[in-house]
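Comments concern the structure below.
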Amino acid sequence: HTGESLVTQKGRIEFYITYNHSELSKLLPESNQLFSMLDKKGTKDSNPWIGCTSLSKINTVNEYLNSKGKPQHCRFVWSDFNDSTKVCLYALKLGRDKGSLLSGNDFDSAKSIQDKPSKYWHVDFSFKKPVIKVWSAITKQNIGKSIAIVIDNRVICAPVIRSGIDNGKCQITGNFTESEVKLFAAIGNYGELPVSFTVIK
């Protein structure tokens, strides 16, 4: 992340397991046409996205997706635009109620922290007590898969689940700015806000 594009947001945060390239091929019979619109170079099943494209082609891909109707258990979301000329498309698994697995309303608290040796910023979240078992089950059932963290309809990051997490904790790491991690922490502590807001440096 190189820009400050997340600084002004409404602040809706959601968690989803991602479909990889092969899984989406089975879910969508006509997926080859979608893949042909995306740059598949370097796309593997280990990637959380299903393909990337230039900013100028987003509308074309969106029009195609809208013309085909949405799959029952899938939601398509683009990566954050930032200052990049290329964006990636994610296919997210919908929960039983056709929504996210967890949301910002499930957080108990959040802290923005800077690692002193590396100078990198990260956010530590803790989930509310009733959700701890849900988070534990999600992580144990999806080891090796990516969990997409979506803020305001943009995938901010999609870390791989390395092991089951029993303590209700979650750490979001990446090349984030101080303003971005403070935004994450604000959302984690206060939930979705009724209006957009700006984090002041």
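The values are calculated or read from the model by the stated rules, or taken from the named source; none is laboratory data. Quick caveat: nothing in here was measured; it's all calculated off a predicted structure. Methodologically, a virtual Cβ is constructed for each residue, glycine included, from the backbone with ideal geometry; neighbour enumeration extends over all protein chains shown. In case anyone asks, the SASA skips ligands and DNA or RNA and just uses the protein heavy atoms, side chains included. Shrake-Rupley method; radii C 1.70, N 1.55, O 1.52, S 1.80 Å.
So here's what we get for this one:
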{"read-out": "Lone qualifier among 100, 126 - being in a strand (DSSP E or B) and of a type in the set (S, T, N, Q)", "value": "126"}
{"read-out": "Residue within segment 94-104 that is more than 26 Å from residue 168 (Cα to Cα), touching a residue at least 24 places away in the same chain (Cβ under 8 Å) and in contact with an Asp or Glu (Cβ under 8 Å, 6 or more places away or on another chain) present", "value": "no"}
{"read-out": "Cβ-Cβ under 8 Å pairs, at least 6 apart or on other chains, segment 129-148 side in contact (Cβ under 8 Å) with a residue 24 or more places away in the chain, far side open to solvent by 70 Å² or more (accessible area, probe 1.4 Å)", "value": "129/108; 132/166; 132/167; 136/166"}
{"read-out": "Hits in segment 129-185 - residues which are in contact with a His (Cβ under 7 Å, 6 or more places away or on another chain) and assigned to a strand (DSSP E or B)", "value": "171, 172, 173, 174, 175, 176"}
{"read-out": "Residue in segment 108-120 that is surrounded by fewer than 17 Cβ atoms within 10 Å (Cβ to Cβ), assigned to a strand (DSSP E or B) and of a type in the set (Gly, Ala, Ser) present", "value": "yes"}
{"read-out": "Selected residue (only one of 98, 128, 86 is over 19 Å from the mean Cα position of the chain (by Cα) and either open to solvent by 40 Å² or more (accessible area, probe 1.4 Å) or not β-branched (Val, Ile, Thr) (or both))", "value": "128"}
